[in-house]
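Here, each number is a calculation from the coordinates, and none is a lab measurement. Just so it is clear, the structure is predicted and the values come from calculations on it, not from any experiment. Counting neighbours? That spans all protein chains shown, and the Cβs are built from the backbone with ideal geometry, glycine included.
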Amino acid sequence: MVKVITYGTYDLLHYGHIRLLQRAKALGDYLIVGVTADDFDRKRGKINVQQSLMERIEAVKATGLADEIIVEEYEGQKIDDIRKYHIDIFTVGSDWVGVFDYLREYCQVVYLPRTKGVSSSELRTEKQKLRFGLVGEAAYLNKFARECSFVNGTQIVGVCSETKEEAGKLGEYPVLTDDLNELLDQSDAVYITSHPSLHFEQIRLALEKGKHVLCEAPLALNEAQLRELSELAGKNGCILTEGLKTAYSTAYTRLILLVKGGAIGKPVSVDATCTSLRDLSAMTEEDLNRYWNTICAWGPTAMLPVFHILGTDWRESRITTKLLDGSNDFDVFSKIDFTYSDAVATVKVGKGIKSEGELIVSGTKGYIYVPAPWWKTDYFEVRYENQTENKRYFYQLDGEGIRYEISAFLRMIRYGNGDYYISREISRGFARLMQQFYHGDYTCLGSSLMKAEDEP
């Protein structure tokens, strides 16, 4: 019996895939098809695969061409599979000519001609075709614009900023404006990273025009605003979700699944710290209206694992904050303590102080430790009393998770579900804390940094 093996993603299975499988089948008597796992696809740069692993496996199975289907999960697996299944022929499309010549040491290698004019990438690009408008200050939009280039089907059509000159700093686009209506008329969706005080009105305008919205957290500064926006999005069939790159990274999602699966027993404490150090002493009144304060800039990120693990039904939340002198709402440091019925959490965020940016989740059987900066980690540890049981987890992180966020946003639009990564309950938790802070319900520490105009 001549055994043949081939591999592929098989996303949006099309005629080209089927023809390739038919040719592979004709090479021998028994065909094994390796379907690549989502994580492995990400490592190979395929970050906007549209179908789940199970959907892709079922599609290959439905062709009736595969005698056996396996999952490809790691680098070097091809050699292991060739040995394990006693493979005679390895085959793959001709666009990989030369890449797999190293396998000739183990079996025959055959490169098959591909069907011209058909590819999953082209199908994804045509299927999505999302025109993105960018809203906010150019300095904060550069990274997002760069990451869009890694996701098939995204087209940036313009930028809306405080002035046309500011918008023009990002590059040459068809629309460079300070009028949001002008940008919305040319967009299918918008990414918003303007000052949090502008989010509500900008999001509402976009939703009223039937545009999908990806907005940096927090979406709103109080629960009433969030409720209105959520109802408007539902009414107009729009996706409204928070841009929080950590929520879309592989390591973070795996960590949450481990906790939910009981890897450390029952979680009883979550401690998250997010800080960045910058000189705030020269802040002017104009700066205060442009720059994000600490609780908005870091709060949602630090609260994310708390809400994912412990939920949003806390009994008490206490905020202790240190304000910039002369300001009523620009905090340079804030500490938030949550008390649940059977658990606690502490969140520390700062822009005027520096601390170890780690995440620790404590449970009845062990704990999870994520080193700084935990919000863009590719590594974490599960630790136990018996150290020989400790486990380390590594996951590749490309583009700080932003490209995964963009890809996920496109899938939300396709399937009409925007609550998978950051549920509306979590968004409501963010809004509730923002409301508490902006209503002045906090304990204020002593004097902080002086603004430049207050100096003697």
Report task. Please report the relative contact order for the range 98-257, taking Cα pairs under 8 Å with a sequence separation of at least 6, and give it as a percent rounded to a whole number. Result -> 16 percent
Report summary line: With 0.36 nm assigned to each residue of separation and the Cα-Cα distance removed, Gln22 to Tyr106 gains 27.9 nm
Query raised in the report: How many nm separate the modelled label positions at His14 and Tyr379, each set 7 Å beyond the Cα in the direction of the Cβ?
Result: 4.0 nm
Query raised in the report: Roughly how many nanometres apart are two label points built 7 Å out from the Cα toward the Cβ at Asn328 and Glu208?
Result: 2.7 nm
Query raised in the report: Which whole-number percent is the relative contact order of the chain (Cα, under 8 Å, 6+ apart)?
Result: 14 percent
Query - Rounded FRET efficiency, nearest 0.05, which uses the C-beta distance separating Glu389 from His86 and R0 of 25 Å - result: 0.10
**Report entry** Estimated FRET transfer efficiency when R0 is 25 angstrom, pair Glu162-Asp185 (beta carbons, to 0.05)
**Finding:** 0.80
Query raised in the report: Any idea how far the Cα center of the range 74-105 sits from the one of the range 349-379, in Å?
Result: 40 Å
Report task. With label points built 7 Å along Cα→Cβ from the Cα atoms of Asp95 and Thr364, find their separation and express it in nm. Result -> 5.2 nm
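Which of the GluC sites (Glu not before Pro) across the range 170-202 are loop residues per DSSP, with 13 or fewer other Cβ within 10 Å? Before the final figure, lay out the partial values.
Working: sites: Glu172, Glu182, Glu201; in loops: Glu172.
Those satisfying the criteria are Glu172.
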Query raised in the report: In debye, nearest 20: dipole of the chain around its Cα centre with unit charges on the Cβ of K, R (+) and D, E (-)?
Result: 1560 debye
Query raised in the report: Quick one: what do you get for the chain if you divide its Cα Rg by 2.2 N^0.38 Å?
Result: 1.11
Query raised in the report: Quick one: of the DSSP bridges fully inside the chain, what percent are antiparallel, nearest 5?
Result: 40 percent
**Report entry** Rg/Rh (Cα only; Kirkwood hydrodynamic radius) as it applies to the range 246-454
**Finding:** 0.99
**Report entry** Ranked packing of 18-24, 174-180, 214-220, 151-157, most packed first, by mean Cβ within 10 Å
**Finding:** 214-220, 151-157, 18-24, 174-180
**Report entry** Relative contact order of the range 145-184, pairs being alpha-carbon contacts under 8 Å that are 6 or more residues apart, as %
**Finding:** 35 percent
Report summary line: If N is the residue count of the range 283-364, its Cα Rg over 2.2 N^0.38 Å rounds to 1.21
